[in-house]
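A quick write-up on the structure given underneath.
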Amino acid sequence: MLNETLAAFYERDLRKLIDEINQFENEADLWRTAGTISNPAGNLVLHLTGGMNHHIGANLGHTGYNRDRSLEFSRKHVPREQLIAGVEALIRVILQTLAGLTPQQQEGEFPAFFDRPGTSTAYVLIQLLAHLNYHLGQVNYLRRMLNG
């Protein structure tokens with residue numbers, strides 16, 4: 001039950017992220033900031049896809065993904081289509097990984113250190129969903145500021 005619920009929320013919110021990416025009127029604005037905001041939307045998208053591909057894909061789904069966290073924030077001007085393709089691929093990874101998790105795996109310790117020792121997989125999955133929504137809100141706010 002938890003897997004199905006999490007899968008539905010992840011897919012819904014990652015599709016909202018795709019909608020936000022598409023709503024930037026000027027593609028170059030994906031790489032701009034405004035005011036005191038320090039991370040462009042494009043880098044937030046790279047950060048979300050990198051983090052979830054690492055934590056969910058590699059650690060739980062054994063995809064072999066290798067994360068380069070610094071590149072998530074330093075890489076610039078990735079085309080909109082490439083950002084969207086990355087999110088679409090992430091949706092598939094998450095849905096496939098969640099479908100294969102047993103209740104015992106959810107309740108068990110996450111296979112890598114996360115926040116503190118002994119953290120359960122369910123905790124990590126919920127925390128990552130909350131983190132997704134935190135950055136989704138930032139992308140939305142920045143888009144509205146830049147679109148005027």
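Among the residues of the range 109-122, the ones that are surrounded by 15 or more Cβ atoms within 10 Å (Cβ to Cβ) and of a type in the set (Gly, Ala, Ser) come to 2 in all.
The set of residues from the range 84-113 being free of Cβ contacts under 8 Å to residues at least 60 places away in the same chain and under 23 Å from Lys16 (Cβ atoms) comprises Ala85, Gly86, Ala89, Arg92, Val93, Gln96, Thr97.
Please verify whether Glu81 is in contact (Cβ under 8 Å) with a residue 24 or more places away in the chain and either open to solvent by 30 Å² or more (accessible area, probe 1.4 Å) or in a helix (DSSP H, G or I) (or both), treating the condition exactly as stated. No, not satisfied. Restricting the range 38-78 to residues that are in contact with a His (Cβ under 8 Å, 6 or more places away or on another chain) and open to solvent by less than 20 Å² (accessible area, probe 1.4 Å), the residue that is nearest to Gln138 (Cα to Cα) is Leu44. Number of residues in the range 1-26 that are of a type in the set (Phe, Trp, Tyr) and farther than 18 Å from Gln127 by Cβ: the value is 1. Put simply, of Leu60, Leu71 the only residue that is touching a residue at least 40 places away in the same chain (Cβ under 8 Å) and of a type outside the set (Phe, Trp, Tyr) is Leu60. Name the single residue that is most open to solvent (accessible area, probe 1.4 Å) among those in the range 91-108 being of a type in the set (Val, Ile, Thr) and within 13 Å of Asn59 (Cα to Cα). Applying the filter and picking the extreme gives Val93.
Checking Glu107, Glu81, Glu88, Glu72 one by one, the residue that is within 17 Å of Leu6 (Cβ to Cβ), at pLDDT 95 or above and among the acidic types (Asp, Glu) is Glu107 and no other.
Checked against (1) free of Cβ contacts under 8 Å to residues at least 40 places away in the same chain; (2) open to solvent by less than 20 Å² (accessible area, probe 1.4 Å), Leu125 passes all but a single condition, namely (1).
Within the option set Ala34, Ala7, Ala28, being of a type in the set (Gly, Ala, Ser) and modelled with pLDDT under 95 holds for one residue only, Ala34.
The values are calculated or read from the model by the stated rules, or taken from the named source; none is laboratory data. The structure displayed is predicted, hence computed values, not measured ones. FYI the Cβ positions are ideal-geometry reconstructions off the backbone, even for glycines, and counts take in every protein chain you see. Surface accessibility is based on the protein's heavy atoms, side chains included, excluding ligands, DNA and RNA. Shrake-Rupley method; radii C 1.70, N 1.55, O 1.52, S 1.80 Å.
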